[in-house]
Amino acid sequence: MNKWTRHSKIEYAGLAAQQDFQLQQLKVLLQYVSVHSPFYKKQFNQYGIRIEDIQSLTYLERIPTTSKEDIQQYNWDFLCVDRASIAEYTATSGTLGTPVTIALTANDLERLAYNEYCSFKLMEVGEQDIIQLMLTLDKQFMAGMAYYKGAQELKASVIRTGPGLPQMQLEVMQRLQSGTLVAVPSFLLKMIHYAQEHHIDVNALSARKVLAIGESIRTEDLEDNILLQRIKKDWNIAIFGTYAATEMQTAFTECTQHRGGHLNTELLYVELLDEAGKQVPAGTVGEVTISTFGVEGMPLLRYRTGDLCKGYYEPCACGRTSMRLGPVTGRKQQMIKYKGTSVYPPTLFELLNGLDFIGEYVIELSLDDTGQDDLMLHLYLPVAEAMAMSNLKQRLQASLRVIPKINICDQESIARMQFPNGSRKQLKFIDRRY
Ligand SMILES: [Zn+2]
């Protein structure tokens, strides 16, 4: 059993107790980075930050935030240990700009295992369960490895099927009776489709729960989004949303109440900030800004993820009092300004996922020759094109008030766009503006 698994039950304690605990952990973090992190040492000097002055959570606001660009530009200045102490090099997926290396020590790997152990606990998955991991475990991908380690910490059984191949996934499920899946939710639609074509009843399968990675399944008000509605229409299975970023080495996962992803109080401090760097009022969307607890290799302090979410602070019906995070409603860097309208990719995903005549899609964003955002939808339509197009244009007009450029492609060209150069992640949004 790893040192983290001695469950402290802090997420069941009152808010005041949690804040006390978090303040103590922040002091430990400040002390640690002020000694070991070249980046933060320099920053504290430059801004005259005296860590002994930080005696309350609000004082933390005196410390400048850290951006994605900081890690991109000064990647190795974030490393707090000798290179010899690094146990694993992981990398961000690089959907925006160059990939960033996140190096983990052996202790960080244990912390990561605890983090996903907690995710499975939130879903009430335990030792008796068989977990089918339908995601990549290689290509420096942190999540695959994290779920594998978390499942082992839980003493559950694991099946590593990797991503894709509906036929193989269904065959393994039938043969080994897996009860829990870790999968990209839009892939579940492909499995349903395959099963229907081959007269397999998905509801007769043993799977009861899915940890849905990589895509949102809720609306801003925590209702089922269109993607989830389409899955649930054919498959009676409990689906749990999660939100994470490689840099934070921690996930926010839904409990059985499905009212936002719970903060792991022991592992992370979270602030939701406005443009000016102030905490937004409850019920308002802010930029998720995190500080890591217990990370040895590359800890982060007030790191702005670029993800925009809403926080939920009332106690959860599951008994936990830890704050919860709603789905990502946008990425700050990904706002599209198109013909006078502002739109975030999740709005487009929600719209395109709701149109069942669209087989596959890629949203491509670039700059036109005047430097304005240019929006192109690449679509594969398995049905009669003319009918679909008129329906699509009406829907675009109604929800965006503008119609982007549309490029109809065959299935193969869409697949090439979605998986460029053996990408481990299916790309549905390509931003060529930077
Ligand atoms: Zn809960």
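Nothing in this text is a laboratory measurement; each read-out follows from the coordinates by a stated rule. What you see is a predicted model; the values in this text were computed from it and never measured. All Cβ positions, glycine included, derive from the backbone under ideal geometry; neighbour counts span all protein chains shown.
Overview of results
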| quantity | calculated |
| --- | --- |
| Expected 222 nm ellipticity per residue - DSSP helices of 4 or more, -39500 (n - 2.57), all of the chain, to 500 | -9500 deg cm²/dmol |
| Inter-probe distance in nm under a simple model that places probes 7 Å from Cα toward Cβ, at residue 397 and residue 282 | 4.4 nm |
| Hull volume in cubic angstrom per residue (convex hull over the Cα atoms of the chain) | 151 Å³ |
| Beta bridges per DSSP with both ends in the chain, % antiparallel, nearest 5 | 65 percent |
| Furthest towards positive pole of dipole, 85, 103, 34, structure part the stretch 3-107, Cβ charges | 85 |
| Prolate/oblate/rounded label for the stretch 335-431 (Cα gyration tensor, a/c 1.5) | oblate |
| Gain upon complete extension [residue 410, residue 423; 0.36 nm per residue less C-alpha separation] | 2.7 nm |
| Beta bridges by DSSP in the stretch 364-434, antiparallel share as percent, to the nearest 5 | 40 percent |
| Additional length obtainable on full extension of the chain from residue 137 to residue 69, 0.36 nm per residue less Cα span | 21.8 nm |
| Largest-first principal axis extents, alpha carbons of the stretch 7-96, Å | 38, 35, 29 |
| Sequence of 343, 182, 280, 383 once ranked by neighbouring C-beta atoms within 10 Å, starting from the fewest | 383, 280, 343, 182 |
| For the chain: relative contact order, % (alpha-carbon pairs under 8 angstrom, 6 or more apart) | 13 percent |
| Karplus (6.51, -1.76, 1.60) ³J(HN,Hα), θ = phi - 60°, over the stretch 210-215, in Hz, Gly and Pro reported as x | 10, 8, 8, 9, x, 9 |
| Nonlocal amide H pairs with residue 430, under 5 Å, H built at 1.01 Å | 363, 364, 365 |
| ³J(HN,Hα), Karplus 6.51/-1.76/1.60, whole Hz, each residue of the stretch 408-418, x for Gly, Pro | 7, 10, 7, 4, 5, 5, 5, 4, 5, 6, 6 |
| Cα centroid separation - the stretch 123-178 against the stretch 284-339, whole Å | 26 Å |
| Ranking of 262, 199, 193, 378 by count of other Cβ atoms within 10 Å, fewest first | 199, 193, 378, 262 |
| Approximate spin-label separation residue 385-residue 50, in nm, with each point projected 7 Å along Cα-to-Cβ | 7.1 nm |
| Where labels lie 7 Å past Cα in the beta-carbon direction, separation of residue 333 and residue 16 in nm | 4.2 nm |
